[in-house]
1. Rank ASN245, ALA16, MET104 by how far each Cα sits towards the positive end of the charge dipole of the chain (+1 on Lys, Arg Cβ; -1 on Asp, Glu Cβ) and give me just the farthest.
2. Please state, as a whole number in µm²/s, the translational diffusion coefficient that the Stokes-Einstein equation yields for the range 119-245 at 25 °C and 0.890 mPa s, with Rh defined as the Kirkwood radius across alpha carbon pairs.
3. Could you give the dipole magnitude of the range 26-163 about its Cα centre, charging the beta-carbon of Lys and Arg +1 and that of Asp and Glu -1, in debye to the nearest 20?
4. Can you give the helix-only mean residue ellipticity at 222 nm for the chain, where every DSSP H stretch with n ≥ 4 adds -39500 (n - 2.57) and the sum goes over all residues, rounded to the nearest 500 deg cm²/dmol?
5. May I have the count of lysine pairs in the range 1-112 with C-alpha atoms under 23 Å apart, counting pairs 8 or more residues apart or located on different chains?
6. Rounded to two decimals, what ratio of Rg to Rh does the range 3-84 give with C-alpha atoms and a Kirkwood Rh?
7. Here are several values of mean projected area of the Cα convex hull in nm²: [x] 15.4; [y] 13.7; [z] 16.6. Which one was derived from the coordinates shown?
8. Output the peptides 69-82, 111-124 sorted from most to least packed, where packing is the average of other Cβ atoms within 10 Å over each peptide's residues.
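The values are calculated or read from the model by the stated rules, or taken from the named source; none is laboratory data. These numbers come from a predicted model, not from an experiment. Every residue, glycine among them, receives a Cβ derived from its backbone with ideal geometry; neighbour counts consider all protein chains shown. Note: areas computed on protein heavy atoms with side chains; ligands, DNA, RNA excluded. Shrake-Rupley method; radii C 1.70, N 1.55, O 1.52, S 1.80 Å.
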Amino acid sequence: MVNLNNKTKGILFIIASAFFFSLMSLFVRMAGDLPTMEKAFFRNAIAAVFAIVILSRTPEKFHIRRESWPDLIKRSVYGTMGVILNFWAIDHIAIADASVLNKMSPFFAIIMSVIILKEKVTGKDWMIVVVAFLGAVLVIKPTAGIASIPAFAGLLSGFGAGAAYTYVRKLGLSGERGPVIIMVFSLFSCIVCLPFMLFDFHPMTVTQLLILLGAGMAAMGGQLTITAAYTYAPAREISVYDYTNILFTAAWGFIAFGELPDAVSICGYVIIIAMAILKWRQQTSS
């Protein structure tokens, strides 16, 4: 990784984050019918523990730059909103609908990077992300349920994720450490979810507990890599690669549940891969 340029590092990290978050989605689905807040709490509690352990072994320990706090809070609010609304949407509409709405996050990441970071975006950048999104729609195949209040919550989850990634990049550019960003976000999310979880706690089996622990570890991997990705490169350069999450999720569906893609889904996969290649060639030629 040392000899790679920042764009390439950003691409590799965002693909790694797509893999980890697809693994997290697999574990969340395998956990069964548990309340949204309970799943969200465990998703972030494990990440908080790992971040605390990592920071405890660094020379700076838990030092947080004073000027980072406003953006850390904004990142935490948007990120928590994204996670909770995404999980709630999954509980109330088809998973496919919730997924396609959450995949609006690359659009929102680009929009917010223009507004907050004043980054420039070309027409070709927008075209690649739009076509990749259409490929994701072919894979996920949203139903009529996409026009509903839970679907609006799913759309807001995509906005929350995109806005959160923008603040991750801003914090990284200002020199704040990745584990600090993750720790603050994870603890903030746990504090928000805890009262709701205690009010509506559902006892878990040992298997469900282990699965949720796995979801939390996968989420930690996803947060570490997405934080690194947006630190190394702006959204307009790497956001399209986030759609590889669709490919990883499809692979898990086949491995874990024997789900085979149809011809329309395969067309979607081809479009997503083609856009990623086009973006890569655009960057290597610039």
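1. Value: ALA16.
2. 142 µm²/s
3. About 380 debye.
4. -26500 deg cm²/dmol
5. Final tally of qualifying lysine pairs is 6.
6. Value, to two decimals: 1.02.
7. [x]
8. The densest-packed peptide leads the list: 69-82, 111-124.
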